[in-house]
Amino acid sequence: MTTTPLRRPAVSAGRLVRARLRSRVGLAASIAAAIAVAIGLLCALPAAAAMASAASIRAAIPDPGTPEGWLQVHTRPATDAAAQDDAGRAVIADLLADDVRIETVRVGEPGSDFERVAWRLTPTPAALNADGVERLARGLARVPEAIRESDAAKGGIVVSGGLADAMDGVAVGAIAAAAITPVPIVILAVLAWFAVLQLARLLGAARGRETRVLVARGLSAGQDTALAGIEAAVLVTAGTVAGVAGAVAAVATAWGAAGIGALTRTWPLVVVAVVVLGATLLVSQLRGAKTAAGADSVVGRIARAASPGVAVLLVLVGVVLVWQASQIAAGARDPWSVAVTVLAPTVGIAAVAVLAVILFAPLSALVAQAAARGAGATPSYPARQVARRLRSFSVAVALVSIVSAGAVLAGAYGATWSAASADSQQVTAGAALRAAVDPVPPGAVATAGDTSGVTAVAPALSAAVVAGGVAGTLVALPPDSMPDVLFEVPGVMDPVTLAAEIAAPRLAVEMPDDATGLRFEARVSTSEPAAAEAMQVRVWLDDDAGVPVTVPLDVSVDEADGAFALTAAAELPGGEAPWRIVALEIGQGRGWPGAELLVTGMRMLSTGDDESELVTPVPHTRLHSAAPGGTAVRSAMVWTAGGETPPRIPAVVTDAFAEGLGLGVGDDVDVRIDGGGRTIAATVASIVAALPGAGAGAGVLVSLDAAIDAASATSVPDGSADAEVVTPPLANEVWAAGDESAAAALSGALDAPVATVGSPASAVAGEVVTLWDAAAVGGALLAGVALVALLAALTAQRAGEVLVLRALGVPPTAQARMRGIEVVVVVVLGVVLGAAGGASLAALLVPRMAERAVPDVQLPPTLSFSPWPVMIALAVVGVALAVAVLGSWLAVRRQGSSTRIEEAAP
């Protein structure tokens, strides 16, 4: 009798894939969810960063309808206006292409010598993004010279408008942001890869028995790979579609069609992510299944044996990269520097995860030993189970440690960058509000003080100076006002200390409180009566607020005994009493440079209810066009507070200024105000890292009171010192403390532009902080999905343990509680190890990273921490942990009441 073997009907690959996915629907859904979160974040975060950057750039560019918002190049009109216009436009288009709008305008009276043709450039909206602003800044800087050298220019050019300067500042911020923007994205991508890798291994391990059965029934290795490939494609496709859809919805809600456009530009990143995650899912689940089925290949066994060495190598590479990153200069933009900046934190966090896993084994063993000494199943049993299942729980530790380290790094970067940016801006600005009023008129300080939102006011002198070939910035303020007006930057700038170091006794003579005016009397001998009437008399005063002013006196002349009695008088300006007299100058009148005048019997009096003599000028002085030595004396300081040899005043200088001149404390230095002819003789009282209004560059801080008192020397009678006559300096700014929202009101009150602390560059670069925070929270969400799936799979693997413990008298409720303790301990340990590693990385990397990302950084950043990214990330992980514990609780109770689970020893 012939027996025909039973033929089973062939099962299609699609049907088998569906059956396999349904059998592990929870784990498959977790993998798809992890991929969806990863793809969604990798799409949405770069697009959101690009949109936020573009918005901050547009906000930082001045209104194109104002001179600050355009660049205008003027030249004389040519005979052929059309050809000239075409030539100018061609030059501009060659440099800037479509990045600017070009408008040809005519200025000046048509047909006159003042008529000019001008090309007005304003940026197009499409160019106002992170990529376009640097190109715009370079092109705008080259436009004037290019037009000057072209056929469009006739008789030279004149440039107006502030667009080029504004674009330079914004470009600095965009460049600074570009150096750091990839870092959180790459860290998130690594976390996504690791999460999918571990979930794929779980999926493969869960199919160990299934793989053995299918192989026994004739499934070939190629067919197994094909099935795994189809499954991977299905899961990756589902996750990608869901992730992209979520990203589209989020970005469209926030930015509309423009956001969708930014999202489409992330497609290369999506393609790379899909390929990498798909390959990871395929390979990892195949290896996991073979390992669980006991059919691991030689290559797999070699890989497992080599994994400790790979871990050590990863840690060493991380150490080297972190060290390299700490050595890179803040302004370096070469490919190696950029690569190290991105790789150092990424590999560093991976190394932290490896170290956390390595430390997890001995720590769990120690905890198990300590718990074993106690009575009862809790906590000894949970501790022992954690120590026995290191391989499974290590994945959770690695995931949580990556999230924790990344969140700490994000919090440290955000806080450090914000502090460094704020410190740099405050040091550079000096005060919250600075009004450019040159010179500061009497009463301006009182007017500013009455402005809503202003809490304190002081006059200030800010000027470029030169000393011994070193160019720098001079800042002069009244010491009494500095503590209330200046910013305090802890550890760097203490207004109280600075005020004490530059304070000097006042030399100016105080006028009576009831004084209302000034009168100067003198006897003038000259052969030209009209020359006596044309003489000029000026008095330098400062009021109680420290505002220096110059007061011209009205001159009248009467004949007296063969000479002329000169009287000059003026009312005091509208400042704050009491007034002080600083200097008195007399000079030849305009139109009488050849007249010789002998001035004697000079008196300076205050007028009011009572007259009083204020100062005693020199006995006499001679004004003439040609002294015996050949030098004219057309004016003379007949009295100054500093006398014939004014004293040196104390000055605080920056490290940069002191190093440039080789100065030390106690050294003398003469600082010449560039373009003004005034020289301030000072003695170095202190050397600091940075000064208000000068920053960390070459800077000098002196007392405005002392500078006024000692700026001018009394002219020597009959001397030929016209070239030596130096008048006291006048304040050219009003500095105020208060809310920045008061800037508009202060500008209106003083009819002057007011600068505030914020800079466009910092606003642009600051968007990276938000990106770091979002990446940290997104990473926590991704890890949470993986953590729930991991713990659910582990609970399913331990089903037999539930029946054994129930038989020993441990109810399912108690078992569920012990499972919860296990999970909580593992997650907390991962958080602690990750936070410790993240803090170490932050200390080594974040200050230098922040320095690279702070535009015009003035001071080395000091490490700071913000708890918010860590708290939010841990809250997300906590929610995932709660879901996992609840799921474990329900699963254990279900397993404990089931009779279909085979028994297995724990």
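The values are calculated or read from the model by the stated rules, or taken from the named source; none is laboratory data. What you see is a predicted model; the values in this text were computed from it and never measured. Every residue, glycine among them, receives a Cβ derived from its backbone with ideal geometry; neighbour counts consider all protein chains shown.
For the range 448-471, the criterion of a residue being among the hydrophobic types (A, V, I, L, M, F, W, C) and free of Cβ contacts under 8 Å to residues at least 24 places away in the same chain is satisfied by no position.
Taking the criterion of being of a type outside the set (Gly, Ala, Ser) and under 13 Å from Ser481 (Cβ atoms), the only residue of the range 441-453 that qualifies is Val445.
Applying the set (1) more than 28 Å from Leu507 (Cβ to Cβ); (2) in contact with a helix residue (DSSP H, G or I) (Cβ under 7 Å, 6 or more places away or on another chain) to Ala563 leaves exactly one unmet item: (2). In the range 387-413, the residues that are free of Cβ contacts under 8 Å to residues at least 40 places away in the same chain form Cβ pairs under 8 Å with partners that are in a helix (DSSP H, G or I) and surrounded by 24 or more Cβ atoms within 10 Å (Cβ to Cβ), at six or more places apart or across chains, as follows: Ala387/Ser364; Leu390/Ser364. If the condition is being exposed (fewer than 14 other Cβ atoms within 10 Å of the Cβ) and part of a loop (DSSP other than H, G, I, E, B), then the range 155-167 contributes Gly155, Gly156. Summed over the range 112-130, the residues that are more than 17 Å from Gly169 (Cβ to Cβ) and either without any contact (Cβ under 8 Å) to a residue 40 or more places away in the chain or among the small types (Gly, Ala, Ser) (or both) give a count of 7. Residues being touching a helix residue (DSSP H, G or I) at 6+ places or on another chain (Cβ under 8 Å), buried (at least 16 other Cβ atoms within 10 Å of the Cβ) and under 25 Å from Asp609 (Cα atoms) are entirely absent from the range 513-530. Within the range 159-187, the set of residues being within 24 Å of Gly348 (Cβ to Cβ), modelled with pLDDT of 85 or more and of a type in the set (A, V, I, L, M) comprises Val183, Ile185, Val186, Ile187. Selection within the range 888-906: residues that are in a helix (DSSP H, G or I) and surrounded by fewer than 17 Cβ atoms within 10 Å (Cβ to Cβ). The member of this set that is modelled with the highest pLDDT is Leu890. For the range 484-500, residues that are in a helix (DSSP H, G or I) and crowded, with 17+ Cβ neighbours inside 10 Å total 4. Meeting the requirement of 1 or more residues that are crowded, with 22+ Cβ neighbours inside 10 Å and under 25 Å from the mean Cα position of the chain (by Cα), the strands (runs of 3 or more DSSP E) wholly within the range 40-154 are 116-123.
The set of residues in the range 275-294 being of a type outside the set (A, V, I, L, M) and modelled with pLDDT of 85 or more consists of Gly278, Thr280.
The number of residues in the range 751-772 that are of a type outside the set (Gly, Ala, Ser) and buried (at least 21 other Cβ atoms within 10 Å of the Cβ) comes to 8. Tallying residues that are closer than 16 Å to Leu45 by Cβ and exposed (fewer than 14 other Cβ atoms within 10 Å of the Cβ) within the range 246-281 yields 7.
Contact map, the range 213-235: residues that are of a type in the set (Gly, Ala, Ser) paired with residues that are at pLDDT below 70, Cβ distance under 7 Å, separation 6+ or inter-chain. Pairs shown: Ala226/Ala13. Any residue that is under 22 Å from Ala745 (Cα atoms) and either in the same structural domain as Ile649 (by TED's automatic domain parsing) or touching a residue at least 60 places away in the same chain (Cβ under 8 Å) (or both) - is there at least one of those in the range 487-496? The answer is yes, given that some residue of the range 487-496 is under 22 Å from Ala745 (Cα atoms) and either in the same structural domain as Ile649 (by TED's automatic domain parsing) or touching a residue at least 60 places away in the same chain (Cβ under 8 Å) (or both).
Quick check on the range 307-319. Is at least one of its residues at pLDDT 80 or above, under 38 Å from the mean Cα position of the chain (by Cα), loosely packed, with under 11 Cβ neighbours inside 10 Å and hydrophobic (A, V, I, L, M, F, W, C)? No, the range 307-319 contains no residue that is at pLDDT 80 or above, under 38 Å from the mean Cα position of the chain (by Cα), loosely packed, with under 11 Cβ neighbours inside 10 Å and hydrophobic (A, V, I, L, M, F, W, C).
For every residue, the table says whether it meets (1) over 16 Å from Gly430 (Cβ atoms); (2) assigned to a helix (DSSP H, G or I).
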{"site": "Ala744", "(1), (2)": "yes, yes"}
{"site": "Ala749", "(1), (2)": "yes, yes"}
{"site": "Ala752", "(1), (2)": "yes, no"}
{"site": "Ala755", "(1), (2)": "no, no"}
{"site": "Val769", "(1), (2)": "yes, yes"}
{"site": "Trp772", "(1), (2)": "yes, yes"}
{"site": "Ala776", "(1), (2)": "yes, yes"}
{"site": "Gly779", "(1), (2)": "yes, yes"}
